Amino acid sequence: MKVTVDADTCTGCELCTDAVPDVFAMEGSVAKAKADVVPAGQEDAVKDAAGNCPVEAIKTEE
Ligand code: SF4
């Protein structure tokens with residue numbers, strides 16, 4: 001599964017970086033996916049983070 005963060009939409013609330021620090025990190029005032037491909041075992045957590053992002057800035061692709 002692939003994941004990206006839309007930097008133009010992200011508000012920098014840090015919800016995803018707190019929830020899944022192995023995948024998301026803050027870069028300046030916005031979150032960024034540390035790698036394009038989600039590591040095995042993190043996929044459900046990333047899907048939850050995408051669902052919980054208040055501005056729907058996290059996009060996943062199978
Ligand atoms: S949860 Fe959404 S708005 Fe908040 S830091 Fe992550 S991508 Fe940005």
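We did not get these values from a lab; they are worked out from the coordinates using the rules stated. All of these numbers come straight from a predicted model, not from anything done at the bench. With ideal geometry, Cβ positions are generated from the backbone for all residues, glycine too; neighbour counts draw on all protein chains shown.
General observations
- Each Cα pair of the stretch 8-62 feeds into the Kirkwood radius, which the Stokes-Einstein equation turns, at 10 °C and 1.306 mPa s, into a diffusion coefficient of 144 µm²/s.
- The mean sequence distance of close C-alpha pairs (under 8 Å, at least 6 residues apart), as a share of the length of the chain, puts its relative contact order at 47 percent.
- Degrees separating the helix 43-52 axis from the principal Cα axis of the chain, which is the longest one: 30 degrees
- Cα-centre dipole for the chain with unit charges at Cβ (Lys and Arg positive, Asp and Glu negative), debye to 20: 100 debye
- Cut-off under 5 Å, modelled amide H: who pairs with GLU27 long-range: LYS32
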